[in-house]
Amino acid sequence: MSTQTSGLAIETAGLVKTFGETRAVDGVDLTVPAGTVYGVLGPNGAGKTTTVKMLATLLRPDGGEAHVFGHDIVREADEVRGRVSLTGQYASVDEDLTGTENLVLLGRLLGHRKPAARTRAAQLLEAFGLTDAAGKQVKHYSGGMRRRIDIAASILNTPDLLFLDEPTTGLDPRSRNQVWDIVRAVVAQGTTVLLTTQYLDEADQLASRIAVIDRGKVIAEGTKGELKASVGAGSVHLRLRDAEQRPLAADLLRRALDARVQAEPDPVALTARLAAAASHDTAAEQAARALSELARAGVTVDNFSLGQPSLDEVFLALTGHDTRVSDASDTSDTSGQDDSHDPKDEVAA
Ligand SMILES: Nc1ncnc2c1ncn2[C@@H]1O[C@H](COP(=O)(O)OP(=O)(O)O)[C@@H](O)[C@H]1O
Ligand SMILES: [Mg+2]
């Protein structure tokens, strides 16, 4: 299986990793075409980091097999290592050094002569919007700047395959957008990116194909269009002027939209989950139709918003349970960089 003939960056079959009783990765099959962003979407504890660590040769699988650009990750680990980079792992940034010092040092460690290392460092700092911070110690960087310098460090030598393990978890929206732009730029240079994320919108923005993983298993795989169609078009959230009109509004929405309508704890609030497959209308068209039906029936709507399906909704639709995996919370997470998860950053419905 060579890169030339298969065009695949990653191919796994029945990949397994267990930690004691926990089957962290429980028979994962992935096929990642070269030259794309592939999204691995799943909640905390789903097995994303463990999968990435096996593919990056940092962990040895207990079962199954995997090839990276045609190389077996166990028997040909050196060849695999020569072609991949994992942000925050191989290239560790030193907090006490400046941005420039870090990138020049890592460039030197990779075998570049000093002038070349300096040039590359300056290029990357510029490309990642860090020129102004180039002379500052990394410990004074914001979360977003820190994430960007980590990615810069991991692409000093342009890798064929870059693993980005939850690169935006905990970042504010502006910093997320900056990281997204960087990911797009990296792929435009020809690097394949395997991106793990807890956010459906992130996978949606960046990935061509997405595997949804839950409890160590791939529970859905496809293009974003396929995935979303299987879940529904999103939700309409309404707040009514008058709580007494809620039963009537719920009834109208149910009939107008063929939606599942849910009464929220707030007595004036309703959520309608739109069915995608049943209709060619966009979610916005369906919502507009629903609003006009309500107006015609004399229901006053104070506030209205249209939401994409959240990860919680995707999970509920695919698995029948929500993303808060109970067995993940009672195990101390020893998987390194994702210890920074802030529960409040988890996707809310
Ligand atoms: N080194 C380890 N020792 C024991 N359990 C682990 C270890 N690494 C991960 N796990 C467990 O394996 C499961 C999957 O973890 P992980 O791959 O980190 O998930 P994710 O990256 O999707 O949050 C979790 O239940 C986690 O607690
Ligand atoms: Mg993780």
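The values are calculated or read from the model by the stated rules, or taken from the named source; none is laboratory data. Since the structure is predicted, the reported quantities are computational estimates derived from the model, not experimental observations. Note that we place each Cβ from the backbone using ideal geometry, even for glycine, and neighbour counts take in every protein chain shown. Accessible surface is based on the protein model in full, side chains and every heavy atom, while ligands, DNA and RNA are left aside. Shrake-Rupley method; radii C 1.70, N 1.55, O 1.52, S 1.80 Å.
In the set (1) within 12 Å of ligand 1 (Cβ to nearest atom); (2) closer than 24 Å to Gly7 by Cα; (3) out of contact with any Ser or Thr (no Cβ under 9 Å at 6 or more places or on another chain), the condition left unmet by Met54 is number (3).
Being surrounded by fewer than 23 Cβ atoms within 10 Å (Cβ to Cβ), β-branched (Val, Ile, Thr) and not in a loop (DSSP other than H, G, I, E, B): is that true of Val193 here? Here the answer is no, as Val193 does not meet what is asked.
Scanning the stretch 24-38 for residues that are within 8 Å of ligand 1 (Cβ to nearest atom) and open to solvent by 10 Å² or more (accessible area, probe 1.4 Å) yields one hit, Ala24. The set of residues from the stretch 205-235 being in a strand (DSSP E or B) and either modelled with pLDDT under 85 or not assigned by TED's automatic domain parsing to the domain that holds Asn44 (or both) comprises Gly234, Ser235. Residues of the stretch 132-166 that are in a loop (DSSP other than H, G, I, E, B), modelled with pLDDT of 90 or more and in contact with a Leu (Cβ under 8 Å, 6 or more places away or on another chain): Ala134 alone.
Among the residues of this structure, Gly107 does not count as one that is in a loop (DSSP other than H, G, I, E, B), touching a residue at least 24 places away in the same chain (Cβ under 8 Å) and in the same structural domain as Glu11 (by TED's automatic domain parsing). Against the numbered list (1) under 30 Å from Ile73 (Cα atoms); (2) touching a strand residue (DSSP E or B) at 6+ places or on another chain (Cβ under 9 Å), Glu101 comes up short only at (1).
Within the stretch 104-121, being farther than 23 Å from Ala56 by Cα and surrounded by fewer than 16 Cβ atoms within 10 Å (Cβ to Cβ) holds for Arg113, Lys114, Pro115, Ala116, Thr119.
Quick grid of which residues meet (1) at pLDDT 95 or above; (2) among the acidic types (Asp, Glu); (3) within 16 Å of ligand 1 (Cβ to nearest atom); (4) under 30 Å from Leu316 (Cβ atoms):
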{"residue": "Gly7", "(1), (2), (3), (4)": "no, no, no, no"}
{"residue": "Ala13", "(1), (2), (3), (4)": "yes, no, no, yes"}
{"residue": "Lys17", "(1), (2), (3), (4)": "yes, no, yes, yes"}
{"residue": "Pro43", "(1), (2), (3), (4)": "no, no, yes, yes"}
{"residue": "Leu58", "(1), (2), (3), (4)": "no, no, yes, no"}
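Restricting Glu21, Glu76, Glu95, Glu101 to residues that are open to solvent by 60 Å² or more (accessible area, probe 1.4 Å), modelled with pLDDT of 95 or more and not hydrophobic (A, V, I, L, M, F, W, C) narrows the list to Glu101. For the stretch 39-63, name all the residues that are more than 16 Å from ligand 2 (Cβ to nearest atom) and open to solvent by less than 50 Å² (accessible area, probe 1.4 Å). Residues satisfying the conditions are Thr57, Pro61, Gly63. From the list Thr119, Thr169, the one residue that fits, being under 24 Å from Lys48 (Cβ atoms), polar (S, T, N, Q) and in the same structural domain as Thr18 (by TED's automatic domain parsing), is Thr169.
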